[in-house]
Structures are given as C-alpha cells and as structure tokens.
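Every read-out reported here was derived from the displayed coordinates using simple, explicitly stated rules and does not represent laboratory data. The model shown is predicted, which means the values in this text are computed figures rather than measured ones. Because the Cβ atoms are built from the backbone with ideal geometry, glycine has one as well, and the counts that use them run over all protein chains shown.
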Ligand code: G6P
Ligand code: ZN
C-alpha cells in the first residue's frame, strides 16, 4: 500500500485546552483540519517517553458522538502511514475516557487518542474533540500539548494511505497497511478493573435484597458500561440504566450530569418511591452526579464521604495514602484527611494536576467540585467508578440512605455548606474587568468586613507541584473569612462562547442542628456578600446566576 504525503498548510487555533482540542464539528470537517492535528500529535510523540512511534501500540476510541467513526477511520489510516505497529480500538469506535485510560495502562500501550468533547452537546452543528493521553493513561502534560500546538503551526504535510475502511464492529484483529488493528470489547477491561476494586458480592446481595439504583447514561458513552456492570454483573433489574443507547447527538441534550441537565433523573429521585441511589455520567463517562431520595450530594461532599468510607471497598481496604482536591472544591475532604492522618493536596482546577501525585503514590483519591471523582486506578476522573463506590458503601451500610450517610458524615466532621453560582455567556471584557478589579483589591481586604463577614486572608491562587516542582499561577481569587467561610472567583477555562464567571461559596457548620437545610438558604448571607464584593450586578448586568449547583 502506498504511503501518501499530502501537502497542507497550518490552521490557526489548534491549541489543546484543558482537555484536548475542542471545536465545532464543522471546523473539524474542513479538509486537512483533523489530519494536521493528528500528524502534529504523531510527530511530537515520536520519541516521547523514550518510545519511538514506529512499531508503537496506541489506544483509540471515543464517546460515540457525531463524526466519531469518520475521525477514527482517518486516524487509523494516518497511524498506519506513520508506522504505528498496533492500534487497539474499542468496538464501534467507542471507549469512555476512563476506559481508555484503563486500556492504555492494562495493555502497556505508548498512549492513546480519545475522541470526545466531554459534556458538550454533539451533532453536526455541535462539538467534537480529540486529546492525547500518555503512557500512564493520563492527559498529556502541558509541555506535550504546547509542543503539539507549536507543531500544528509549522506543518507542511501529513502521511496517510488509501485503504478500505476498517470494520470497527468486528471484534478481533485486522490489518491496515503494515499495522495491526485490534478491535476490543470496550467494556471488558474496565469492568474487570471495577470488579477488582469493589465488593461485587455485597452489591449483588444488596440489590437482590431490595436496594435499588437508577443510572442515567444520558444517551452517552456510559450506557454500555453501566448496563454490563449494573444490570448484567450486579443483577440490577433491566431498565435500571436510563438512556442507555449512545446516540450521535445525545438525543439533543447536554450530556452533563448536574441538577440542571439531568432533569429526568432528578424528577425520579424526588418521587415518593425513589430508588436508593440515583446517578448520572457525562458524554465521555468521566463525570458523575450522586443523588439519594430527595438528596443531592455535592461533588465535594462525595469525595469526603468516599474517603471516610474507603475501607468498605476492597480496592481501598488497606487505606488511602492521601487525598487531592482542586482549590475551589470544598474543604470537606481536608477534614477526613486530617482524621485519617494523611495529607490533603490542594491543586489548581483541572484533572491533569493530580497526575504527578497519583504517579508518586502521594494521593489515592482525588476530586473536583466540577462533578469529577477518581482514584489511582486510572489517570482520569471516572464517573461509573464513583457510582459503584457509592453503591458499595450503601451495600455495606444496610438500612442507611444516602441522606443518612451524609447526615452521619456531617455529624462527625461538620458540614462544609457549599454552592457554585455560574454566570454564563458574559461579555469577556466585562468578566475580565470584574476579576482584575477584585484582584487589585485583594491585598487591602484582610481585616475588612463585608456583609457581616470579616476577611482573614485573600490571594490569587498559585501552585507548586510537590512532585515535579512545576508551577501554575492565576488559578482563582480566594477570599477567606474569619470563622472558616470562603469565596472563590474564577473564570471558566472550558467555555466556547463569551466568558463564564464561577463563584464558589462555602462556610463551615459544626452544629448538627444547624447543618440540615438547603445550601442556598444556609449561604444566603455569603452569597449576598459575594455579589457586593465583586459588584457582580454592576459589572455583568446580571441580577442572578444562570446555573446553581
Ligand atoms: C474539565 C476538566 C476538569 C475541570 C473542569 C473545569 O471538565 O476535565 O478537570 O475541573 O474542566 O472547568 P471550568 O469550566 O470550571 O474551567
Ligand atoms: Zn467528560
């Protein structure tokens, strides 16, 4: 088969963001657009980790959104033309993000390409994305993504070949040019990993004895995973997994597991006959939301509860080495870490900051307020893993509801009452102006009283990685108050239009009597103080946030 060298010219803007290159499908459909980026990846990873690209083995799969299959065929032809030895592809072109991480690690691959735009909508007019994960199964570090971007700006040609399309639906081995294509069951390795971590016998017994779970796959990638694990292996009744068939446009919805987008699930969990556990995951399967009957578990509390109950899961029975959380995530996990006598690391927003801590064995569990939880079992956050962890805990604490578990946790550790307010689609200059003005005021804030709260400390969060010494600055404005309340202001790094201001609010409540109640009510004074401090209405023209989680 002849290898073709196709002349091309660079595209501006092929800079991978927090989680790879994300653009509208129409952008990716331009001739050479995907090819340029993929060639840049291949050029940069040749020699990375002392492994040449020639003869290397890579994983490939995506969340099944529109353009997934087309992109996979393009990438396979290019991989063959670039001398890749073996591509391990999920059947149907599918692999959830955590499953891809699992496959890279388990099969000892050089890395992998994951096709996804996470929780963004899919379809011909919506989003597509591609990212490269390295040998440890985690997202490529910034040095690598910067090198990929630099390469896209100087590219002159890419390599491909003419060949019949690979049959992505047929399990087993095929060849493409000189390359082996191995189509694998996308669920098997991941399901085996979950069986090694959690008490499947206890969960099976609990489900047989009447515990009920409902999981909303949101027509995204976790449908096949959840069906296999929850229904087939654990015996949950058929239909326990909602919206289980991955659709190219996710049924027209946002596949984002939060109170705003998972309305169907929220309605079920508010019924009088609600199941014991309600959960959802996102487009590519790395996010999660946990609900109980009339109970919402904030991602921050979820991390803390998992950490406090970790020994109930066989994979964590020997204890955890440490916890890591992103800075805007509440300090609930810190209290558990302190009780356990293990460190708690505070990192900037973004899962990639956990990689070094996990690799070095300093942290076992990690979590972010943005509905991400995970552990050292892979190097991505893992939605279904979190759901199974909760189910494992419920199975081992019979008779207790999700609400009971939360109440007991708060009674022991205190409650970090928490809310996030998002102001979306803001004028970028106005949003930046708000941040700049607040940043300028930070040094003068300590000692001042705002809405009844006295500022103890205020800073612009900066981080030095304790493992490799790398630094990150400008990661969010923190205002800490006497008595433990905190506000954090950040601009989203993942939006595609305008700017999104995120305001993270929390205060500590030690008194069990005062812990019950809705976070918005319990935080009302702090919310008002935050609006005044940053002059949100004046600078954004918004009277209220668009999304509250
Ligand atoms: C992605 C990353 C997360 C991160 C989130 C932050 O989902 O995978 O690790 O927490 O983005 O998003 P934001 O919009 O707040 O920058
Ligand atoms: Zn995701």
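Observations
- Nitroxide proxy distance, nm - points 7 Å out along Cα→Cβ at residue 49 and residue 175: 2.7
- Spatial separation of Cα centroids for segment 166-202 and segment 127-151, in angstrom: 23
- Spin-label model, residue 188/residue 238: points 7 Å from Cα along the beta carbon direction are separated by 2.4 nm.
- Think of it as helices only: each DSSP H run of n ≥ 4 in the chain is worth -39500 (n - 2.57), and spread over all residues that comes to -9000 deg cm²/dmol at 222 nm.
- Taking a ≥ b ≥ c as the square roots of the eigenvalues of the Cα gyration tensor, segment 417-459 is classed as oblate, since a/c reaches at least 1.5 and a/b does not exceed b/c.
- Fully extended contour minus Cα-Cα distance, from residue 294 to residue 70, at 0.36 nm per residue: 76.4 nm
- Potential lengthening of the chain between residue 106 and residue 4 amounts to 33.4 nm, from the contour at 0.36 nm per residue minus the alpha-carbon distance.
- Centroid-to-centroid separation of segment 208-244 and segment 388-412 [C-alpha atoms, Å]: 20
- Whole-angstrom gap from segment 455-496 to segment 1-73, using each part's C-alpha centre: 33
- Along each principal axis, Cα extent of segment 375-470, largest first, Å: 52, 37, 34
- Crossing angle, helix 402-413 versus the chain [Cα axis fit, 0-90 degrees, rounded to tens]: 60
- Å³ per residue enclosed by the Cα convex hull of the chain: 141
- Stretch gain in nm, segment residue 260-residue 528, where the contour uses 0.36 nm per residue and the Cα spacing is subtracted: 94.3 nm
- FRET efficiency, residue 195 to residue 440 (Cβ-Cβ, R0 45 Å, nearest 0.05): 0.25
- Computed from Cα positions, the angle between helix 428-441 and the longest principal axis of the chain comes to roughly 50 degrees.
- Equivalent ellipsoid semi-axes - Cα gyration tensor, segment 415-548, angstrom: 23, 20, 16
- For segment 190-413: relative contact order, % (alpha-carbon pairs under 8 angstrom, 6 or more apart): 21
- Rounded to 10°, Cα long-axis angle of helix 97-106 versus longest principal axis of the chain: 60
- Length-normalised contact order of the chain in % [C-alpha pairs under 8 Å, at least 6 apart]: 12
- Three-way shape call for segment 354-411 based on the alpha-carbon gyration tensor, with the a/c threshold at 1.5: prolate
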